[in-house]
1. Test each condition in (1) surrounded by 23 or more Cβ atoms within 10 Å (Cβ to Cβ); (2) on the phi < 0 side of the Ramachandran plot for residue 79 and report the one that comes out false.
2. Here is a list: 26, 11. Which entry is under 16 Å from the mean Cα position of the chain (by Cα), at pLDDT 90 or above and surrounded by fewer than 21 Cβ atoms within 10 Å (Cβ to Cβ)?
3. Residue check, residue 89 against (1) within 28 Å of residue 123 (Cβ to Cβ); (2) in contact with a strand residue (DSSP E or B) (Cβ under 9 Å, 6 or more places away or on another chain); (3) surrounded by 15 or more Cβ atoms within 10 Å (Cβ to Cβ), all met but one. Which one?
4. Here are some conditions: (1) modelled with pLDDT of 95 or more; (2) crowded, with 22+ Cβ neighbours inside 10 Å. Residue 98 meets all but one. Which one does it not meet?
5. What do you reckon, is residue 199 touching a residue at least 12 places away in the same chain (Cβ under 8 Å) and either farther than 19 Å from residue 3 by Cβ or crowded, with 22+ Cβ neighbours inside 10 Å (or both)?
6. Could you tell me which residue of the range 102-125 is surrounded by the fewest Cβ atoms within 10 Å (Cβ to Cβ), considering only residues that are in contact with a strand residue (DSSP E or B) (Cβ under 7 Å, 6 or more places away or on another chain) and within 22 Å of residue 61 (Cβ to Cβ)?
7. Can you pull out the residues in the range 108-130 that are touching a residue at least 60 places away in the same chain (Cβ under 8 Å) and either in contact with a helix residue (DSSP H, G or I) (Cβ under 7 Å, 6 or more places away or on another chain) or on the phi > 0 side of the Ramachandran plot (or both)?
8. Got a sec? Which of 131, 63 is over 27 Å from residue 277 (Cα atoms) and either in contact with a strand residue (DSSP E or B) (Cβ under 8 Å, 6 or more places away or on another chain) or modelled with pLDDT of 95 or more (or both)?
């Protein structure tokens with residue numbers, strides 16, 4: 001199959017492109033430009049690499065033309081310009097849907113976030129929800145996926161914890177009145193679900209929550225990463241307000257902060273339970289991979 005991947009050089013997009021190629025498919029990787037990860041993908045067989053901005057409608061149509069399906073994975077977790085969440089999550093989705101219709105592509109999957117919902121205090125969650133609604137009302141054969149934290153080589157979970165531990169051995173997960181829980185999803189499990197939707201056309205018309213097999217606190221995840229790194233970590237919970245302030249300062253001081261305000265808002269939310277209007281995967285697609293020391297080490301070695 002020929003499958004277009006927007007955000008194809010990102011963490012999830014890159015893994016999907018590699019897995020599709022390994023299974024004999026032909027990914028079209030759509031990305032803003034040629035990054036180090038993009039260069040690595042270009043060297044793989046069967047990949048059609050298309051550097052472009054999603055506001056270039058002519059190039060976008062050309063990229064989607066003759067494709068059988070689209071994995072729409074473009075997303076950001078921090079704004080570097082005014083209204084950027086809306087531009088990347090909502091406006092880009094409008095353009096992808098329009099180009100898909102024009103090119104005759106009928107199948108699309110979209111990866112949102114577990115707790116994306118309307119009327120949210122978070123612009124990240126609100127705009128992700130708006131993109132979901134656009135996909136659901138696109139007239140295309142859609143599947144919306146709502147995962148929580150995804151872990152694996154090149155992720156934003158293990159790598160950020162590792163960077164924080166390298167900076168200072170004291171790690172302080174944000175807490176409100178009760179510590180939030182997470183259920184991390186292995187990228188390998190996420191890929192199986194996405195490929196089942198793209199290639200086998202399963203879960204058409206559904207919104208699927210994807211959560212891992214094990215519930216834990218963020219502090220427990222930190223301890224496991226620290227153990228894999230053979231480092232001592234003191235987990236010291238602090239009020240969420242302190243973390244909001246620290247994240248806002250980091251965003252002002254660095255182009256690549258350890259954590260963003262949007263990420264703090266996600267961490268304060270309960271990331272172990274799906275929203276009531278979400279479905280769950282079929283039994284054969286339910287994530288079964290645990291956050292083990294071996295997998296943490298494998299992610300750290302990339």
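The values are calculated or read from the model by the stated rules, or taken from the named source; none is laboratory data. As the structure is a prediction and not an experimental result, all values here were calculated from the model. Backbone-built Cβ (ideal geometry, glycine too); neighbour counts: all protein chains shown.
1. (1)
2. 11
3. (2)
4. Among (1) modelled with pLDDT of 95 or more; (2) crowded, with 22+ Cβ neighbours inside 10 Å, the lone unmet condition for residue 98 is (2).
5. When the stated conditions are applied, residue 199 does not pass them.
6. Per the stated criteria, the residue is 106.
7. 109, 111, 113, 115, 117, 122, 123, 124
8. 63
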